[in-house]
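Values quoted throughout were computed directly from the atomic coordinates according to the rules given, and no laboratory measurement underlies them. What you see is a predicted model; the values in this text were computed from it and never measured. Positions of Cβ are generated from backbone atoms using ideal geometry, with glycine treated the same way; all protein chains shown enter the neighbour counts.
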Amino acid sequence: MVRYLSRQQIDVNAYDRCIANSPHRLIYAFSWYLDVVSPDWKLLVEGEYERVMPLPVRPRYGVKAIIQPLFCHQLGLFAANETPDATVIARFLRVLQQHIRYVPSYQFQAANTSSLTAEAGQLVPMTNHVLNLQKPYVELAAGYSNGQKWNLKHGLRQGWEFTETGDITPLIELFRTYNTTGIGQVAKDAYAKLQRLVAVLQERQQVRIRVARRNGRIEAGNLLVTDANRVIHLFCSASPEGRKGNARTVILDQFIREYAGQPVWFDFESPEVESLAAFNRGFGAEPESYVRLVSNRLPGPVRFLHQIKKWLHQTFWRR
């Protein structure tokens, strides 16, 4: 039987053990990670935590909703030592619909994608890009596009000073100043949440921040999250000088070189922006399909009132 649990009811040790033993584990799904990015998350669980589905639940215009959190690229259904099939996923989704009737955005991991059907709701195709790092660096670098090879050579000639740091603040300030154009309104708590997440990751020794300096100033930087099976490019930023000097390209190449030959994937966390996806493909990354679930099963009158609240909120927000 699939049970719906609040955060307080979850056996954290049993839950995290299931995520750790899943053949498709993702760091975003661990309890300590979700506690930062979605503090009041809920859970669907089957048996003695053999199968689990974390739910980032929070209020949205007065309605309980599932909304994919910032810095949490994919979630979905995880099982210890197995890949959940369509029957299992359907069972979980039936219980989900009993408890949560409004899902603006829930991103299922790639391993769940082929087992989802339209009965779940609207399934929006998404594409991430990943690079298998098991090959030697020479082979990986040979797979770079001609454009990326040129960017790398250009960046290496710029005289950057690259250093590791434990301070995410300079990258946040670069992003706030230079990199928000075209992405819309940044959530009020986004930067504070990133700082809290970095602090937790640092305690667990699962984060690396590398910056590029010139004349003593930080002009670019990349944040990498590390886990047993993936290294994830979670965040980056750059000034115009850093972008022009291809500093981030060089840092990504350095990370690829350092992890080459290991049984891990480099996860670029590609956004649905073609220019950025093309940049990631330039490193030889291959597409990884996943889906975003969108569903609104609110009763008609409630849905109407909800739309009014949403309109009032958006109108007020624009002011």
Exercise. Bin width 5 Å, alpha-carbon pairs only: give the P(r) of the range 134-263 as whole percents, running from 0 to the bin holding the largest distance.
Key: 2, 10, 19, 21, 21, 15, 10, 3, 0
Quiz prompt | Max mean-square fluctuation residue, GNM over the chain, Cα-Cα springs under 10 Å, options E139, E288, E219 | solution = E139
Quiz item: Which one of N179, N215, N128 has the biggest mean-square fluctuation once the chain is modelled by GNM with Cα springs under 10 Å?
Solution: N215
Exercise. Name the long-range amide H neighbours of E269: under 5 Å, sequence gap of 5 or more, or other chain; modelled H, no Pro or chain starts.
Key: H129, H233
Exercise. Apply the Karplus parameterisation 6.51 cos²θ - 1.76 cosθ + 1.60, with θ equal to phi minus 60°, to every residue of the range 49-63 and state each ³J(HN,Hα) to the nearest whole Hz, in sequence, with x for glycine and proline.
Key: 6, 6, 9, 9, 9, x, 10, x, 8, 7, x, 9, 6, x, 10
Quiz prompt | Separation between Cα centres of the range 149-167 and the range 15-29, rounded to whole Å | solution = 34
Quiz item: Which of Y144, Y191 comes first, and how do the rest follow, when ranked by fewest Cβ neighbours within 10 Å?
Solution: Y191, Y144
Practice problem: Quick one: dipole size for the chain, taken about the Cα centre, charges +1 on Lys/Arg Cβ and -1 on Asp/Glu Cβ, in debye to the nearest 20. | Solution: 1200
Quiz item: Which part of the range 123-155 falls in the paramagnetic zone of R217, meaning amide N under 20 Å from the point 7 Å along Cα-to-beta-carbon?
Solution: 155
Quiz item: So, counting K/R as plus one and D/E as minus one, what does the shell of residues with Cβ under 12 Å around Q206 add up to?
Solution: +1
